[in-house]
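What follows is a single structure, written as structure tokens, with notes after it.
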């Protein structure tokens, strides 16, 4: 016994492969933020609430029909002068890895205070209780001044800022 079942399926095709090349001028290819005509109208007739800025901050404000520029809002690029700079702008992958131990409070004491203490001890400039006879500016500093200097920019560098 032999039976044939025929299923008819209705479908819609959106492309016609027999028509050859397509005319892509009729397809408006534009960004998701607006068509070309919309962007052209934005430039010709700007409206502050509809203007697409893409994360750019204003450097002023609109006062009626006049734009007022605020000089403090203009970004300023501060670039150092690198004339005579010897280092290259990249690090080679062939450079050896540098293993450095964690910088501890003992290391900080040895770098900042130990040389002065050793010098005072060798020259006999210490009192009987171990305090220096001629204290330096860092040793005479009050806790308030020390806290202010510790919070200053560049305080992590080990040099005296007078």
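The values are calculated or read from the model by the stated rules, or taken from the named source; none is laboratory data. Everything numeric here is computed off the predicted structure, so don't read it as measured data. As a convention, Cβ positions derive from the backbone with ideal geometry for all residues, glycine included, and neighbour counts pool all protein chains shown.
Applying the set (1) under 26 Å from the mean Cα position of the chain (by Cα); (2) outside any helix (DSSP H, G or I) to residue 149 leaves exactly one unmet item: (2).
Selection of first residues in region 91-115 that are assigned by TED's automatic domain parsing to the domain that holds residue 137 and of second residues that are at pLDDT below 85 and in a loop (DSSP other than H, G, I, E, B), restricted to Cβ pairs under 7 Å at least 6 apart or on distinct chains, gives the following pairs, ordered by first then second residue: 111/158; 112/158. Looking at residue 85, is it surrounded by 10 or more Cβ atoms within 10 Å (Cβ to Cβ) and either part of a loop (DSSP other than H, G, I, E, B) or touching a strand residue (DSSP E or B) at 6+ places or on another chain (Cβ under 9 Å) (or both)? For residue 85, the condition - surrounded by 10 or more Cβ atoms within 10 Å (Cβ to Cβ) and either part of a loop (DSSP other than H, G, I, E, B) or touching a strand residue (DSSP E or B) at 6+ places or on another chain (Cβ under 9 Å) (or both) - is not met.
The residue that is farthest from the chain's Cα centre (by Cα), among those in region 107-146 that are modelled with pLDDT under 85 and assigned to a helix (DSSP H, G or I), is 112. If you go through region 37-72 and keep only what is at pLDDT below 80 and either in contact with a helix residue (DSSP H, G or I) (Cβ under 8 Å, 6 or more places away or on another chain) or part of a helix (DSSP H, G or I) (or both), you end up with 37, 38, 39, 40, 41, 42, 43, 44, 50, 51, 52.
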